[in-house]
Amino acid sequence: MIQMARKTKIKRKIKIKRKIKIKRKIKIKRKTKETAIILSLNLNGRGKADISTGIPFFDHMLSLLAMHGLFDLSIRGKGDLEVDYHHTVEDVGIALGQGIKQALGDGKGIRRFGEALVPMDEALSRVVLDISGRPYLGYRVKARGKIKEFNLELVEAFFKAVTDHAGITLHIDLLCGTNRHHIVEAIFKGFGRALDAASSLDQRRSGVPSTKGSI
Ligand SMILES: [Mn+2]
């Protein structure tokens, strides 16, 4: 009996040692009559952000997403900002969603689920996500209004575009908060952290984390 237990232990050690090496870097180019977006994303990054969308507040939020998700993210966006910020924000969301999906590939070895509770002073966000292959956004954030010219309804439009194109299930709740800047910041940081947790590789897993065999 003792010998058998020892054998089991040894087997387990060997399994854990196996390293998964997957290149998870992607470049997306997207051009429409309204916007032109060039995005590069490295899920195995270090939080390096180089963002320019023409909307300074949005750049600030995307930089936080990269920094706290430890992704390398570069975005060059040119949009019809004179019309509205909507096209640019939505199209950056589409490009980021496509980038996430492509960088994940078939999802081999990923943890799949991720969640984050992130405070920013009085604001507190909860972001929970599942890399499921099924787009769904639950967005329960009551805050309304503008930060300079950036309307808070754009935050929902952005995450809708991300979830639709990444194929993820995403729940965003604002548990509390009054300051608009703090609220949006807590949400973007939370998404970065939750996505990092869900997309990170579990060395114990060799296949796709689904009993169906695919995501
Ligand atoms: Mn800030």
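The values are calculated or read from the model by the stated rules, or taken from the named source; none is laboratory data. The shown structure was predicted, so the numbers you read here are calculated from the model rather than taken from an experiment. In this analysis, Cβ positions are derived from the backbone assuming ideal geometry, glycine residues included, and neighbour counts consider all displayed protein chains.
Taken over the stretch 58-107, the criterion of being under 13 Å from residue 191 (Cβ atoms) and touching a His at 6+ places or on another chain (Cβ under 7 Å) is satisfied by 97 alone.
Scanning the stretch 108-132 for residues that are within 21 Å of residue 205 (Cα to Cα), touching a helix residue (DSSP H, G or I) at 6+ places or on another chain (Cβ under 9 Å), buried (at least 18 other Cβ atoms within 10 Å of the Cβ) and not aliphatic (A, V, I, L, M) yields 112, 114, 130.
Out of curiosity, is residue 158 modelled with pLDDT of 95 or more, within 16 Å of the ligand (Cβ to nearest atom) and within 15 Å of the chain's Cα centre (by Cα)? So residue 158 fails the test. When we screen 165, 182 for residues that are buried (at least 19 other Cβ atoms within 10 Å of the Cβ) and either at pLDDT 95 or above or more than 16 Å from the ligand (Cβ to nearest atom) (or both), the only hit is 165. Out of the residues in the stretch 45-95 that are under 14 Å from the mean Cα position of the chain (by Cα) and among the β-branched types (Val, Ile, Thr), state the one that is farthest from the ligand (Cβ to nearest atom). Checked the stretch 45-95; the qualifying residue farthest from the ligand (Cβ to nearest atom) is 94. If only residues of the stretch 168-178 that are out of contact with any helix residue (DSSP H, G or I) (no Cβ under 9 Å at 6 or more places or on another chain) and surrounded by 15 or more Cβ atoms within 10 Å (Cβ to Cβ) are counted, the one that is farthest from residue 115 (Cα to Cα) is 173.
For residue 119, are the conditions met, namely being within 16 Å of the ligand (Cβ to nearest atom) and either closer than 26 Å to residue 83 by Cα or out of contact with any Phe, Trp or Tyr (no Cβ under 7 Å at 6 or more places or on another chain) (or both)? Criteria met by residue 119. Residues in the stretch 78-105 that are among the charged types (D, E, K, R), in a helix (DSSP H, G or I) and farther than 10 Å from residue 37 by Cβ: 90, 101.
Only a single item in (1) without any contact (Cβ under 8 Å) to a residue 40 or more places away in the chain; (2) closer than 23 Å to residue 50 by Cα is not met by residue 100, and it is number (1). Does residue 136 fit the bill of being over 16 Å from residue 195 (Cβ atoms), away from the ligand (no atom under 16 Å from the Cβ) and of a type in the set (Phe, Trp, Tyr)? So residue 136 fails the test.
If you go through the stretch 133-150 one residue at a time, do you hit one that is of a type in the set (D, E, K, R) and either crowded, with 17+ Cβ neighbours inside 10 Å or in a strand (DSSP E or B) (or both)? Checking the stretch 133-150: at least one residue is of a type in the set (D, E, K, R) and either crowded, with 17+ Cβ neighbours inside 10 Å or in a strand (DSSP E or B) (or both). Residues of the stretch 185-200 that are of a type in the set (Gly, Ala, Ser) and within 13 Å of the ligand (Cβ to nearest atom): 186 alone.
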